[in-house]
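> Handing you this structure, nothing more for now.
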Amino acid sequence: MKQNDENKWVEDILNSMDEAGRAYPVDSLYQKIERRIEVPFTKGRTIPLSTFSAAAASIVLLVIVNVIALIKDIRWRHQDALSSIVQYYDITNEKNGLGL
Amino acid sequence: MQAEEIMQLVSDGDKNAFRQLYVMFKDRVYNTCISYLQQASDAEEITQDVFVEVHYAARNYKGEASVSTWIYRITVNKCLDRIRYNNRQKRFSFISSIFSRDTGGMIHDKPHFEHPGAVAENRERAAILFSTIRQLPENQQTAFILKQIEGLSQREIAQIMDIGEKAVESLMQRAKTNLRKILSNYYNSKEGF
């Protein structure tokens, strides 16, 4: 019984547009089309402020992440260079028997 | 005058012929658009786009397909493009809502849609049908809308979609099977409340 109700409901929904008519456009639509044909390239797009803010924030975030990465890289290179110099002096001193 | 003859005049730049063509096809184009996009403002915009393209592409019309098929093809493609664009916007709305000053909600969600052509006693049912059509894959959506809403024949749909009639039949079957599944789930979830 429940299955029959369900099937009937589903079929009613599926057939709900069977006797439907068409949707009609507003009368002024043709004038709008005519205007667009006469001046084809005037249709500009404005970017909403929220979209602009999101894009700007993404760029700022990207720059910050890159700057942090760059600073870390410079520090790492600097430390690496220092430790190589220290290592060089250690080896040289050992070779010369200074054992400092 | 036949649509093909009018088309010839349109390609020669005849304004009256273009108006005649518009009158001939505006309801079919708009009805298809509103069935896909489920929003009057979007449907109006895409109807404009379709006729602007028809105007400029008239010279390229070779007469290989009927004018009706050609215009339906442009309509379907433009509607699908708009749906893809809306979906991209919807995904982006998550980020943009963070920066939205007002509600911060999903600003691109479609409201409950009632097809203006639906018979009064079927309005609610039709609204449920349209919300489930949205969940179908693009080609099943196209087959279903052109057949059930626009009332086109299998042959016309095959020409518009550039596939065989058997393929249209199979798309329709799959669309109906999927819709039945979605609707059954909806029915059972409603029962649970």
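Taken together, the values in this text are just the output of simple stated rules run on the coordinates, not laboratory data. Fair warning: this is a prediction, and the values are worked out from it, not measured in the lab. Positions of Cβ are backbone-derived with ideal geometry, glycine not excepted, and every protein chain shown enters the neighbour counts.
> To the nearest 10 degrees, how steep is helix A:29-38 against the longest Cα principal axis of chain A, on a 0 to 90 scale?
Approximately 50 degrees, to the nearest ten.
> Continuing with the same structure: Separation of the range A:1-23 and the range B:1-62 by C-alpha centroid, Å?
Each part reduced to its Cα centre gives a spacing of 33 Å.
> OK, next. Could you give the size of the charge dipole of the range B:112-193 about its Cα centre, using +1 on the Cβ of each K and R and -1 on the Cβ of each D and E, expressed in debye and rounded to the nearest 20?
On the way: 11 positive and 10 negative charges, 59 e Å.
Computed about the Cα centre, the dipole is about 280 debye.
> Continuing with the same structure: Across the residues of B:79-91, average count of Cβ atoms on other protein chains within 10 Å?
Values: counts 0, 0, 0, 0, 0, 0, 0, 0, 0, 0, 1, 0, 0.
Shielding by partners across B:79-91 averages 0.
> If a helix is a whole DSSP H run, which ones in chain B reach 18 Å or further along their own axis (Cα) and hold a mean Kyte-Doolittle hydropathy of at least -0.5?
Working: long enough: B:15-37 (29 Å, -0.17); B:40-57 (25 Å, -0.09); B:67-99 (46 Å, -0.31); B:165-192 (41 Å, -1.06).
The qualifying helices are B:15-37, B:40-57, B:67-99.
> Translational D (Stokes-Einstein, µm²/s) of the range A:49-100 at 20 °C and 1.002 mPa s when Rh comes from the Kirkwood sum over C-alpha pairs? Don't skip to the end; give the middle numbers.
On the way: Rh = 14.4 Å.
It diffuses with D of about 149 µm²/s by this estimate.
> Here's a follow-up. Picking from B:Phe25, B:Phe92, B:Phe144, which is most flexible by a Gaussian network model of chain B using Cα springs under 10 Å?
B:Phe92
> Which of rounded, prolate, oblate describes the protein assembly as shown, given a ≥ b ≥ c as roots of the alpha-carbon gyration tensor eigenvalues and a/c under 1.5 marking rounded, otherwise prolate only if a/b is larger than b/c?
Numbers: a/c = 2.76, a/b = 1.86, b/c = 1.49.
Verdict is prolate for the protein assembly as shown.
> Using the charge dipole of the range A:49-100 (Lys, Arg: +1 at Cβ; Asp, Glu: -1 at Cβ; taken about the Cα centre), state which of A:Ile91, A:Val67, A:Gln79 has its Cα farthest towards the positive end.
Farthest towards the positive end: A:Val67.
> With +1 assigned to the C-beta of every Lys and Arg and -1 to the C-beta of every Asp and Glu, and no other charges, what is the dipole magnitude of the protein assembly as shown about the Cα centre in debye, to the nearest 20?
Working: 38 positive and 37 negative charges, 135 e Å.
Rounded to the nearest 20 debye, it is 640 debye.
> So, one more: Step through the residues of the range A:48-63 one at a time and calculate ³J(HN,Hα) from phi using the Karplus curve (6.51 cos²θ - 1.76 cosθ + 1.60, θ = phi - 60°), rounding each to whole Hz and writing x for Gly and Pro.
3J(HN,Hα) across the range A:48-63, in whole Hz: x, 4, 4, 5, 4, 4, 4, 5, 4, 4, 4, 5, 4, 4, 4, 5.
> Add -39500 (n - 2.57) for each DSSP H run of 4 or more in the protein assembly as shown, then divide by its residues: what number comes out at 222 nm, to the nearest 500 deg cm²/dmol? The partial results should precede the final answer.
Numbers: 11 runs with 207 residues, N = 293.
It comes out at -24000 deg cm²/dmol, rounded to the nearest 500.
> Going by amide H atoms built from the backbone, whose H comes under 5 Å of the H on B:Leu152, apart from near neighbours?
B:Lys147
> Please report the spacing between the Cα centers of the range A:30-93 and the range B:140-156 in Å, no decimals.
47 Å
> Also, quick follow-up: Report P(r) for chain B: all Cα-Cα distances, bin width 5 Å, range 0 to the bin holding the largest distance, values in whole percent.
Result, from short to long distances: 1, 7, 14, 16, 17, 16, 12, 8, 5, 3, 1, 0, 0 percent.
> Could you point to the residue in B:Ser189, B:Phe113, B:Ile163 farthest towards the positive end of the range B:112-193's charge dipole, with +1 and -1 charges on the Cβ of Lys/Arg and Asp/Glu respectively?
Value: B:Ser189.
> Might you report the magnitude of the Cβ-based charge dipole of chain A about its Cα centre, with Lys and Arg at +1 and Asp and Glu at -1, to the nearest 20 debye?
Working: 12 positive and 13 negative charges, 133 e Å.
Charge dipole of chain A: 640 debye, to the nearest 20.
> Next question. What residue among B:Thr177, B:Thr69, B:Thr47 shows peak mean-square fluctuation when chain B is described by a Gaussian network model with Cα springs under 10 Å?
Comparing B:Thr177, B:Thr69, B:Thr47 in the GNM, the peak value goes to B:Thr177.
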